[in-house]
Amino acid sequence: MRKFLSALADLSAGLLFVLVALLDARVLLQSPHLVYLCFPLLVTVALAVGYWRGLRNVLPSWLTAVLTNIPLLVLALQFFSGRNKPFILFPALTFVFVSAGIAMTRLRARAWALTAVIVIAGIAGALAGPRFVPLVVPSKNVKEKPFPFTINLADGTTISSRDLGGKIVILDFWATWCIPCQHELPALQRIYEKTKGQRDVVFVAVDGVITDAPGDSGDSLERATAYFRRFGYSIPLAWDGGAVLERSFGLAGFPTLVVVDGYGQVRMRRVGYVGSEDLEAILLGKIEELRAEDGGVRK
């Protein structure tokens, strides 16, 4: 009975890691300032849980480390799939530091030793936070063969790939129901306002019909237009009602940023959005890179 209660306590303690992971993903990783706290918080809680369970547990150390990590591992496997596979690092870290906390208890380590481990791990974790973001939302530089396409704007006009020849085109594929898209659009609006006077740069926000809910018909032109009007976005809006552009550009999810050069070649792809990334520097840097290329943009 005692072992059963101890195992139940281990599993319950693991729920703390779930709360920390959700806080990391939803809050800390979304801020360029708070991102530095992402891993230090996770590591500190893992060490504290390990130390606490080491003092009171009657189970083998390895079993305690496994049991406390089961809730977070289940969360990681269930929700952090696809492009979010790097989040599997979270349960890996908690397993290591729970084990370390238990080991310090069993070795009768003094308080200063535990404090030193927390400080060192916290500093390393703070440095790792910003470096973790590109793993979640990587910028993939490519050079894909051009193909003809047509963009149907919300005002009823159309733009063809032929019309866009010689211009750098930034296509943002988004949807009103997509939470990362909602967070990304204000940043894109700021970048658009900085570039809208540049004749060789074209921004288009393409609202798509792909949905993550079976049976859901997705967005409509009216819904997308109302959303832009509600938040005051002035980026040229398009609607991909037949999902033609989504299939043509091989979308893997929302939001997806695609940068096309003056020859119609896709030169960069980004899937997803995390608020702590410097999207402005990334996009403006890519624009300047394409401008600087010999023959990269037709005059």
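Conditions (1) assigned by TED's automatic domain parsing to the domain that holds residue 232; (2) in a helix (DSSP H, G or I); (3) on the phi > 0 side of the Ramachandran plot, marked per residue:
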position: 93; (1), (2), (3): no, yes, no
position: 97; (1), (2), (3): no, yes, no
position: 104; (1), (2), (3): no, yes, no
position: 108; (1), (2), (3): no, no, yes
position: 116; (1), (2), (3): no, yes, no
position: 124; (1), (2), (3): no, yes, no
position: 148; (1), (2), (3): yes, no, no
position: 162; (1), (2), (3): yes, no, no
position: 202; (1), (2), (3): yes, no, no
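Could you please find all residues in the range 169-185 being in contact with a Lys or Arg (Cβ under 9 Å, 6 or more places away or on another chain) and either part of a strand (DSSP E or B) or outside the structural domain of residue 260 (by TED's automatic domain parsing) (or both)? Listed by number, the list holds a single entry, 170. So which of 163, 155 is closer than 17 Å to residue 260 by Cα, out of contact with any His (no Cβ under 6 Å at 6 or more places or on another chain) and not basic (Lys, Arg)? Being closer than 17 Å to residue 260 by Cα, out of contact with any His (no Cβ under 6 Å at 6 or more places or on another chain) and not basic (Lys, Arg) holds for just one of 163, 155, which is 163. Residue count for the range 1-34, restricted to those that are more than 14 Å from the chain's Cα centre (by Cα) and over 30 Å from residue 55 (Cα atoms): 2. Taking residues in the range 176-196 that are closer than 15 Å to residue 282 by Cβ, and partners anywhere that are in a helix (DSSP H, G or I), the pairs with Cβ atoms closer than 6 Å and at least 6 places apart or on different chains are 187/279; 191/280; 191/283.
Identify all residues within the range 2-27 that are within 24 Å of residue 276 (Cα to Cα) and touching a Pro at 6+ places or on another chain (Cβ under 8 Å); write none if there are none. 17, 18 - these are the residues of the range 2-27 that are within 24 Å of residue 276 (Cα to Cα) and touching a Pro at 6+ places or on another chain (Cβ under 8 Å).
Taking residues in the range 163-174 that are more than 19 Å from residue 273 (Cα to Cα), and partners anywhere that are of a type in the set (S, T, N, Q) and buried (at least 21 other Cβ atoms within 10 Å of the Cβ), not one pair has Cβ atoms closer than 6 Å while being at least 6 places apart or on different chains. Please find, within the range 257-284, the residue that is nearest to residue 151 (Cα to Cα) out of those that are small (Gly, Ala, Ser) and touching a residue at least 40 places away in the same chain (Cβ under 8 Å). Among residues in the range 257-284 that are small (Gly, Ala, Ser) and touching a residue at least 40 places away in the same chain (Cβ under 8 Å), the one nearest to residue 151 (Cα to Cα) is 264.
Taking residue 209 as the residue in question, decide whether it is touching a strand residue (DSSP E or B) at 6+ places or on another chain (Cβ under 9 Å) and part of a strand (DSSP E or B). It is false that residue 209 is touching a strand residue (DSSP E or B) at 6+ places or on another chain (Cβ under 9 Å) and part of a strand (DSSP E or B).
Of the residues screened, residue 68 is not one that is touching a Lys or Arg at 6+ places or on another chain (Cβ under 6 Å) and either in a helix (DSSP H, G or I) or surrounded by fewer than 18 Cβ atoms within 10 Å (Cβ to Cβ) (or both).
The values are calculated or read from the model by the stated rules, or taken from the named source; none is laboratory data. No experiment lies behind these values; they were computed from the predicted model shown. Note that each Cβ is placed from the backbone with ideal geometry, even for glycine, and that neighbours are counted across all protein chains shown.
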